[in-house]
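Written below as structure tokens is the structure these notes are about.
The values are calculated or read from the model by the stated rules, or taken from the named source; none is laboratory data. Values in this document were obtained by computation on a predicted structure and should not be read as measured data. Positions of Cβ are backbone-derived with ideal geometry, glycine not excepted, and every protein chain shown enters the neighbour counts.
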């Protein structure tokens, strides 16, 4: 194994342990809507944390440098959909205000009159005078700039139609997810694959809570997992770099194990931005190795209990199932090996649910565009049925296309969308690939779900978003399957996780190469 | 239009720092001062409020409102829509039609003078624009123009496109010149209607002509809003694109006062309007673990042995509500309640 695994120097540990946001208030851990008001200090067995929203610690320079490296290598970690530009400015000014409030001796934000502001960061010796809303005056996109000033990752959620959408952000330290893939997805779609939370209602409650969050009432929560090595960027894109560590860690010596395995805690702040109304997620990552954790007796005992009692589905989702038992054992030392129960794997959520017969036309629409893609007789049958029903409700146009892979057909579809008026309905039928792409382009043209109807006549193909070449490709395959990416030729696994607005299933490097 | 009276005291270059931003960015009940009163029409006055020290105020989303305490008692509070774009304001401005029914609008018209202190809460956002809209259709009826003007100013500021329909009685149209000036910008058009028939005709036509991806927003008297939603449905608009605000913003109501008996000690605790049972329990030394304080997390669920509960949380199921033996004391209220603590 050639992967470099860094271990921080021992002298820096004391402050980090005292300030570590230890996440377990009890001996078992289950998903919950564990939100609490921000800005309230929490005491822990070793110290405390949480007095401020933004936290600058001794890793400031190192983590900012790491973020710059990640961004230089992969621009998809930074995205701001066009309608989020005002929110990005709002986020930048809000974070600057937080910094100036929390670190008045080192940070200042001054209004020079009207839209003009002066920002000074004495730690970085960085001064900017900018006109709010004017990117040229700042020199770069505001989210990109402000994430050069804080260790936190930032995601911005737009709220519309009673839903939240992750429509902007700079996320360089993702814990086993792909920001580039999730951009444009709704909060509920993103959390589709998390086990238990749907059944338990945790996500919908969190969703309700976030939607009602008011400006200037910041809240926070913590989330956790285990990470091998002090590796901040464990994104889906970098899986080939860190995935193999999960195998490697099982064979290292005990002392090495305790140094390499980290409890990784995210402190997430949830802030409604005052001007744009967007929701800002600040995600700050802290790591403490098992060795460091064990220096605090309460933490050693409790972490061992939490790891041992964690249900398999949750351990699987967190990606720690292969070594969490050993981590619990390491912490308990003499305790017998915890085995964990074997609950059957639940069916994978996150798959689109296609109807088995063509859905009825929504006759509350004022006009209709019916799109029939491909030669399948079932497809044309469904389209003809829709046309008959729609014509009695309003002006109806039928568009018959061969394949969306052809440029001419793709252009014809986008043009037809561009000619629609609000009040129209779009109905699409064809193979799964064609339908998902046609729906994605409809969203792109401004559609909302209530305006869309779809019928898939062939599940044989699908649009696949490759996390490595970061493009959408048509592949013949199914979620769970392994295919060769048409873009980058890697062997990739298709995950049961799809993004309706992007029109693709997520795929990333297959864990085990077939020999 | 009468002359505006201005009160000096605006800080030229406020510095944010020292104190934490959020407490300084107040939205709770606090004192502000009247800095400007302008008579817009015979019945509509425009009021501007500033912080006592003239400092910058909490920004707000277009369509937000503030809540003003009417009179001295502190128990009558009315919501009024703000008219500016909300971007780092130094004043909050509202335009109020005198209703002549002895209510809050009459009090504002009769009692406010420049320099006077007024208790204000907010801004609160309940009528915000949809961020990814491709275009906006704004509909105002009478003094319902106030949040529409706020939306229009924000769209103008951000360089977005809109159509505005303003239905008013000639001679009684507040902010008409403001809207006409905004409509001078390419991409923004104003349609004026003076009668009910005109309004229906203009609305029907404009609703059929909006580019795909438009969202519509309306504020005005009840009959206008009904016409608007009917015509939008007739034009095939899904309800998710049809937004409206009634004159009286639905506030989380403060609730009636009630008394709670604590079973273990027999103590009787009064819970006044606007104060949660959770807060009163904690003040009286009854420990209750809690987190979100919004009826979402379920942490402050407590057992109830008797009484009628008004559940206002998002956690309990219908069955649990009906059982009546548990409540989330951060939001829910009731009468004759005994808590099993």
Could you name every one of the helices (runs of 4 or more DSSP H) located completely within region A:153-215 that has at least 1 residues being in contact (Cβ under 8 Å) with a residue 40 or more places away in the chain, more than 10 Å from chain B (Cβ to nearest Cβ) and within 12 Å of the chain's Cα centre (by Cα)? A:179-182, A:187-190
Give the residue that is surrounded by the most Cβ atoms within 10 Å (Cβ to Cβ), with candidates limited to residues of region A:134-145 that are farther than 29 Å from residue A:508 by Cβ and away from every other protein chain (no Cβ under 14 Å). A:142
Can you find, within region A:327-337, the residue that is modelled with the lowest pLDDT among those that are out of contact with any strand residue (DSSP E or B) (no Cβ under 8 Å at 6 or more places or on another chain) and surrounded by 18 or more Cβ atoms within 10 Å (Cβ to Cβ)? A:332
Looking at region A:280-289, is at least one residue buried (at least 21 other Cβ atoms within 10 Å of the Cβ), touching a residue at least 24 places away in the same chain (Cβ under 8 Å) and within 14 Å of chain B (Cβ to nearest Cβ)? yes
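Okay, residues lined up against (1) more than 23 Å from the chain's Cα centre (by Cα); (2) buried (at least 20 other Cβ atoms within 10 Å of the Cβ):
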| position | (1), (2) |
| --- | --- |
| A:421 | yes, no |
| A:430 | yes, yes |
| A:450 | yes, no |
| A:466 | no, yes |
| A:476 | yes, no |
| A:481 | no, no |
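Every residue, every condition in (1) free of Cβ contacts under 8 Å to residues at least 12 places away in the same chain; (2) part of a loop (DSSP other than H, G, I, E, B), yes or no:
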{"site": "A:355", "(1), (2)": "no, yes"}
{"site": "A:358", "(1), (2)": "no, yes"}
{"site": "A:365", "(1), (2)": "no, yes"}
{"site": "A:371", "(1), (2)": "no, no"}
{"site": "A:375", "(1), (2)": "no, yes"}
{"site": "A:384", "(1), (2)": "yes, no"}
{"site": "A:390", "(1), (2)": "no, no"}
{"site": "A:404", "(1), (2)": "no, yes"}
{"site": "A:411", "(1), (2)": "yes, no"}
Quick one: count up the residues across region B:211-227 that are over 25 Å from residue B:246 (Cβ atoms) and assigned to a strand (DSSP E or B). 1
Exactly one of (1) at pLDDT below 95; (2) in a helix (DSSP H, G or I); (3) in contact with a strand residue (DSSP E or B) (Cβ under 6 Å, 6 or more places away or on another chain); (4) within 13 Å of chain A (Cβ to nearest Cβ) is unmet by residue B:240. Its number? (3)
Tally the residues that are surrounded by 17 or more Cβ atoms within 10 Å (Cβ to Cβ) and either in a loop (DSSP other than H, G, I, E, B) or touching a helix residue (DSSP H, G or I) at 6+ places or on another chain (Cβ under 7 Å) (or both), restricting the search to region A:57-78. 6
Sole exception among (1) surrounded by fewer than 16 Cβ atoms within 10 Å (Cβ to Cβ); (2) within 13 Å of residue A:427 (Cα to Cα) for residue A:371, by number: (1)
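Would you confirm whether or not region B:84-99 contains a residue that is over 27 Å from residue A:88 (Cα atoms) and either free of Cβ contacts under 8 Å to residues at least 40 places away in the same chain or in the same structural domain as residue B:202 (by TED's automatic domain parsing) (or both)? Lay out the reasoning, then the answer.
First, pick out the residues of region B:84-99 that are over 27 Å from residue A:88 (Cα atoms): B:94-99.
Among the residues that remain, those that are also either free of Cβ contacts under 8 Å to residues at least 40 places away in the same chain or in the same structural domain as residue B:202 (by TED's automatic domain parsing) (or both) are: B:99.
Yes, that holds for at least one residue.
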Do you know which of the residues in region A:381-403 that are more than 14 Å from every other protein chain (Cβ to nearest Cβ) and in contact with a strand residue (DSSP E or B) (Cβ under 6 Å, 6 or more places away or on another chain) is surrounded by the most Cβ atoms within 10 Å (Cβ to Cβ)? A:386
List the number of the failed condition for residue A:439; all other conditions in (1) touching a residue at least 40 places away in the same chain (Cβ under 8 Å); (2) surrounded by fewer than 16 Cβ atoms within 10 Å (Cβ to Cβ); (3) within 24 Å of residue A:379 (Cβ to Cβ) hold. (2)
Within region A:251-258, is there a residue that is crowded, with 21+ Cβ neighbours inside 10 Å and without any contact (Cβ under 8 Å) to a residue 60 or more places away in the chain? no
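Any idea how many residues of region A:18-49 are assigned to a loop (DSSP other than H, G, I, E, B) and either at pLDDT 90 or above or more than 13 Å from chain B (Cβ to nearest Cβ) (or both)?
Initial filter on region A:18-49 (assigned to a loop (DSSP other than H, G, I, E, B)): A:19-35, A:38-41, A:44-47.
Narrowing the set further to residues that are either at pLDDT 90 or above or more than 13 Å from chain B (Cβ to nearest Cβ) (or both) leaves A:19-24, A:27-29, A:38, A:44-47.
Matching residues across region A:18-49 total 14.
Restricting the search to region B:197-215, which residues are without any contact (Cβ under 8 Å) to a residue 12 or more places away in the chain and away from every other protein chain (no Cβ under 14 Å)? Working first, answer last.
So the first thing to find is which residues in region B:197-215 are without any contact (Cβ under 8 Å) to a residue 12 or more places away in the chain, and the list is B:197, B:201, B:205, B:209.
Of everything in region B:197-215, those that are without any contact (Cβ under 8 Å) to a residue 12 or more places away in the chain and away from every other protein chain (no Cβ under 14 Å) turn out to be B:197, B:201.
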Tally the residues that are in a loop (DSSP other than H, G, I, E, B) and touching a residue at least 24 places away in the same chain (Cβ under 8 Å), restricting the search to region A:474-515. 10
Might you let me know whether region A:99-114 holds any residue that is more than 23 Å from residue B:56 (Cα to Cα) and not in a helix (DSSP H, G or I)? no
Could you tell me which of the residues B:286, B:275, B:331 is assigned to a loop (DSSP other than H, G, I, E, B), under 25 Å from residue B:121 (Cα atoms) and more than 14 Å from chain A (Cβ to nearest Cβ)? B:275
